[in-house]
Amino acid sequence: MDIDINKIKFDEKGLVPVITQSYYTGKVLMQAYANKEAIEKTIETGYATYFSRSRNKLWIKGETSGNKQKIVKIKIDCDEDSILYLVKDYGVACHTGEESCFYRDIDFKEDQKPDAYEIFHKLYEKIESRRKEKPENSYVAKMFEKGSDKIIQKVGEEAVETVIALKNKDKDEIVYEASDLLFHLIMALVDAGVSLQDIQEELLRRYK
């Protein structure tokens, strides 16, 4: 459902908060503000444009750092007073060098695990780092040392075990074996130089 830009409820300063989210991972990257001109510029150029309150001017994300954000969709909330930019991000969003400005928790024990929605992308990154850094006692590093054929063979073995689990209709067994299959499939994708974004784009192409 499309909505006209004139429907946006800007505040008394002519601004509206903008949340920026990664198109591929779903990670919230940053929050900033935009005026009507910034949103029009975003639509015109296809790149995320905001209004800097400190500098009192428009700014295109990445115009100096190169960390641009290509717009995929612009969404508006139910009250029409908040905007969401869904972007393909090139580089980091935060000035600290972090991928996202939201990299700290409040009043929670630090958890090194990724958020559930980004597990596949984080797993891909972890496997890729194991391949490059080759840490001792790493199962992944040892698999890469054995070569592509061994990795591919392992994917086949896990696929068969997943099929058997599905045939047995044992939920716990299915979850365990399917997880093994996905883990080794991602390892094979890393080995083949195929990104998860490549897979996502192909699935999007097939979506009807």
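The values are calculated or read from the model by the stated rules, or taken from the named source; none is laboratory data. The structure presented is a predicted model; accordingly, all values stated were derived computationally and were not measured. Backbone-built Cβ (ideal geometry, glycine too); neighbour counts: all protein chains shown. The accessibility values were calculated without ligands, DNA or RNA, using every heavy atom of the protein model including side chains. Shrake-Rupley method; radii C 1.70, N 1.55, O 1.52, S 1.80 Å.
Structure notes:
- Residue 190 vs. criteria touching a Lys or Arg at 6+ places or on another chain (Cβ under 7 Å) and either in a helix (DSSP H, G or I) or surrounded by 12 or more Cβ atoms within 10 Å (Cβ to Cβ) (or both): yes
- Region 108-138, subset of a type in the set (Lys, Arg) and either modelled with pLDDT of 85 or more or closer than 19 Å to residue 195 by Cα (or both), residue least open to solvent (accessible area, probe 1.4 Å): 122
- Restricting 120, 102 to residues that are touching a residue at least 24 places away in the same chain (Cβ under 8 Å), in a loop (DSSP other than H, G, I, E, B) and within 30 Å of residue 65 (Cα to Cα) narrows the list to 102.
- Which numbered condition residue 166 misses (of (1) of a type in the set (A, V, I, L, M, F, W, C); (2) free of Cβ contacts under 8 Å to residues at least 12 places away in the same chain; (3) touching a His at 6+ places or on another chain (Cβ under 8 Å)): (3)
- Only one of the numbered conditions (1) closer than 30 Å to residue 184 by Cα; (2) open to solvent by 50 Å² or more (accessible area, probe 1.4 Å) is not met by residue 105, and that is (1).
- Selection from region 141-157 of residues that are part of a helix (DSSP H, G or I) and not charged (D, E, K, R): 141, 143, 144, 148, 151, 152, 153, 155, 156
- Among the residues of region 158-171, those identified as open to solvent by less than 70 Å² (accessible area, probe 1.4 Å) and either part of a helix (DSSP H, G or I) or within 20 Å of residue 187 (Cβ to Cβ) (or both) are 158, 159, 162, 165.
- Looking only at region 1-47, and only at residues there that are in contact with a Ser or Thr (Cβ under 6 Å, 6 or more places away or on another chain) and surrounded by 15 or more Cβ atoms within 10 Å (Cβ to Cβ), the one that is nearest to residue 116 (Cα to Cα): 27
- Answer residue from region 86-99, given it is among the charged types (D, E, K, R) and either in contact (Cβ under 8 Å) with a residue 40 or more places away in the chain or open to solvent by 90 Å² or more (accessible area, probe 1.4 Å) (or both) and is farthest from residue 50 (Cα to Cα) among those: 99
- Residue within region 32-40 that is closer than 16 Å to residue 69 by Cα and within 17 Å of the chain's Cα centre (by Cα) present: no
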